[in-house]
1. Could you give every pair whose Cβ atoms fall below 7 Å, whose first residue belongs to the stretch 75-101 and is touching a residue at least 12 places away in the same chain (Cβ under 8 Å), and whose second residue is among the charged types (D, E, K, R) and outside any helix (DSSP H, G or I), counting only separations of at least 6 or pairs across chains?
2. Of all residues being hydrophobic (A, V, I, L, M, F, W, C) and touching a Gly at 6+ places or on another chain (Cβ under 8 Å) in the stretch 72-101, which is farthest from residue 37 (Cα to Cα)? Just the residue, please.
3. I'm checking my understanding of the structure. Among residues of the stretch 65-83 that are in a helix (DSSP H, G or I) and modelled with pLDDT under 95, which one is surrounded by the most Cβ atoms within 10 Å (Cβ to Cβ)?
4. Would you mention how many residues in the stretch 52-64 are in contact with a Leu (Cβ under 9 Å, 6 or more places away or on another chain) and either loosely packed, with under 10 Cβ neighbours inside 10 Å or closer than 18 Å to residue 22 by Cα (or both)?
5. Condition (residue is within 23 Å of residue 101 (Cα to Cα), assigned to a loop (DSSP other than H, G, I, E, B) and either touching a Pro at 6+ places or on another chain (Cβ under 8 Å) or at pLDDT 90 or above (or both)) applied to the stretch 3-10: is it met by at least one residue?
6. For the stretch 84-101, name all the residues that are assigned to a loop (DSSP other than H, G, I, E, B) and either under 23 Å from residue 56 (Cβ atoms) or β-branched (Val, Ile, Thr) (or both).
Amino acid sequence: MLGHTALRLNQSKTNTNTMKHHITKKGEKILIKNLKDSHLINIIKYIERRAKEGIEVFYGGCGVGGEDIWADSDTLKGRCALDYLNHEVYVKELKKRNLKI
């Protein structure tokens with residue numbers, strides 16, 4: 001899986017226009033706009049590194065009554081992984097602050 005709990009919120013695809021919070025590895029919910037500059041930069045670097053390496057995502061479902069349970073996984077890399085981890089949300093915040101990595 002992702003191997004880092006700080007990105008828990010981002011594991012499920014969210015609308016990048018509505019994502020406003022980041023979950024820390026301790027489970028704290030922080031507004032992205034309230035992240036320290038260093039934390040924001042580290043998150044972006046982490047997402048970019050994981051997108052290059054590839055992330056494994058799991059999904060599944062069941063039929064009526066739970067009799068047809070199924071599960072599968074995919075490995076996402078590059079742009080697909082960046083999108084899945086909501087990279088754009090963090091980069092937008094970085095740009096608002098006029099910061100660079």
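1. Listed by first residue and then by second, the contacts come to 75/56; 84/13.
2. Filtering the stretch 72-101 for residues that are hydrophobic (A, V, I, L, M, F, W, C) and touching a Gly at 6+ places or on another chain (Cβ under 8 Å), the one farthest from residue 37 (Cα to Cα) comes out as 76.
3. 66
4. The total comes to 0.
5. For the stretch 3-10, residues within 23 Å of residue 101 (Cα to Cα), assigned to a loop (DSSP other than H, G, I, E, B) and either touching a Pro at 6+ places or on another chain (Cβ under 8 Å) or at pLDDT 90 or above (or both): absent.
6. If the condition is that a residue be assigned to a loop (DSSP other than H, G, I, E, B) and either under 23 Å from residue 56 (Cβ atoms) or β-branched (Val, Ile, Thr) (or both), then 85, 86, 101 are the ones that fit.
The values are calculated or read from the model by the stated rules, or taken from the named source; none is laboratory data. Since the structure is predicted, the reported quantities are computational estimates derived from the model, not experimental observations. Note that each Cβ is placed from the backbone with ideal geometry, even for glycine, and that neighbours are counted across all protein chains shown.
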